[in-house]
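Presented below is the structure to which this report refers.
The values are calculated or read from the model by the stated rules, or taken from the named source; none is laboratory data. All figures in this text were calculated on a predicted structure; none of them were measured in a lab. All Cβ positions, even for glycine, are placed from backbone atoms using ideal geometry, and neighbour counts span all protein chains on display. Please note that ligands, DNA and RNA were not included when accessible areas were found on the heavy atoms of the full protein model with its side chains. Shrake-Rupley method; radii C 1.70, N 1.55, O 1.52, S 1.80 Å.
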Amino acid sequence: MSNQRQQKPTLTGQRFKTRKRDEKERFDPTQFQESIVQGLNQTGTDLEAVAKFLDASGAKLDYRRYAETLFDILVAGGMLAPGGTLSDDVTCTEVCLFKAQEDMETMQAYAQVFNKLIRRYKYLEKGFEEEIKKLLLFLKGFTESERNKLAMLTGILLANGNVSASILSSLFNENLVKEGVSASFAVKLFKSWLSEKDINSLAASLRKVGMDSRLMELFPANKRSCEHFSKYFTDAGLKELSDFARNQQSIGARKELQKELQEQMSRGDPLKDIIAYVREEIKKNNISEQTMIGLIWSSVMSSVEWNKKEELVTEQAIKHLKQYSPLLKAFTSQGLSELTLLLKIQEYCYDNIHFMKAFQKIVVLLYKADVLSEEAILKWHNEARLAKGKSVFLEQMKKFVEWLKNAEEESESEEDEAD
């Protein structure tokens, strides 16, 4: 009995040892590299043949496990050590991006090789993005020509949606930024991108991953200004990118301004302090009065919790706007600003269904408070209104507009009599 009991663990141990799923294959990128390098050397520089070889090899070689090694070889000719230098102890190939000709046509052909490979083996997609991120961090280890080729390729891949613009975060690495590597690489990359797609497409890709507001980070903190960015990229022949960045900076400043305005209103700060703050911001950020009145209107209307009942919301709006009419008046000194405000009111009342019946009452209130002039209201009525809710609002304004016209005629006839 005791013998049988002692044998059990031994038998069980033997059974587990022979299970194939418990046998771990040793990680050996060197052998994988030799297979890929040998195949690439046989295909030569014919990139069609390279694509076919890579397609067929995926069935025999473990791309999933050795994705990083595979991409290192296709870009640099062999496995890369940390920092971007080639590992000394392995065979390398000349059939790679870094040894190719430095022109857009060749880079487009290489982009096709990567594109075909990833379309065929979808699981390589994430690994490829990680590879590009890593290569961008290794830029200091590459020659100028290698950086140029990588920048051109990355621009093409970004333009065609093969990689996400989030990879650009690698360029914000402190050392790369400090030495100016990031900015000069970005010039080549964006030129390549814009040779494939227009600025709107580029902007949409950047916005999608929140990169549109981070472009200034390509420069050290002491040079992180809109002026420096604009001059750098305009001098490099990328004026449309510098215009885009300037616009983004302006949008960012406006968002911050609107947030601050709402906070000041919520705190109940005195109107004279809010007016002084807005005047300072107009000066500092070079914002036009028309833009500013739009921001003020949005802030005023966002600073309160509105009643959900239509019959009560008008009364609430009138009371609220009466309080803030001096603020609105301070920034409608021009006819165009008054018209901008009128269009903002129309848009707001149309977009917020509970306010549909409040439009006329709001306009009359602001007319009485000297925020809106009869000229601006008549211009809006006759030609400058929006299509949004036009018939409803024109009907609401009918009697008031008639009254304004009669008042205007009376004052004209009085002037004539005086003459």
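Below are the figures for this structure:
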{"item": "Matching label, Kirkwood radius over Cα pairs in Å computed from the structure shown, candidates (1) 23.5; (2) 21.7; (3) 27.2", "result": "(3)"}
{"item": "Three-way shape label, segment 57-108, alpha-carbon gyration tensor, a/c 1.5", "result": "oblate"}
{"item": "Entries of Lys60/Lys116; Lys149/Lys239; Lys197/Lys255; Lys60/Lys126 with Cα pairs more than 26 Å apart", "result": "Lys197/Lys255"}
{"item": "Distance cut-off 24 Å, percentage of C-alpha pairs in segment 164-273 lying past it", "result": "31"}
{"item": "For Phe27, solvent-accessible area (1.4 Å; no DNA, RNA or ligand), Å²", "result": "110"}
{"item": "Rounded to whole Hz, the Karplus (6.51, -1.76, 1.60) HN-Hα couplings of segment 71-85, x for glycine and proline", "result": "5, 4, 5, 5, 8, 10, x, x, 5, 9, 7, x, x, x, 8"}
{"item": "Unit charges on C-beta of K, R, D, E only; dipole of segment 308-409, Debye", "result": "340"}
{"item": "Sequence-separation-based contact order of segment 236-392, relative, with Cα cut under 8 Å and 6+ spacing, percent", "result": "22"}
{"item": "Mean Cα-pair separation over length for segment 308-409, i.e. relative contact order, pairs under 8 Å, 6 or more apart, %", "result": "33"}
{"item": "5 angstrom amide H check on Leu86, placed H, neighbours 5+ away", "result": "Ala81"}
{"item": "Among 294-306, 150-162, the order from most to least packed when residues are scored by Cβ within 10 Å on average", "result": "150-162, 294-306"}
{"item": "Local electrostatic count, Asp89, Cβ distance below 15 Å [Lys/Arg +1, Asp/Glu -1]", "result": "-4"}
{"item": "Extension gain from Trp306 to Lys283, taking 0.36 nm per residue of separation minus the Cα-Cα distance", "result": "5.0 nm"}
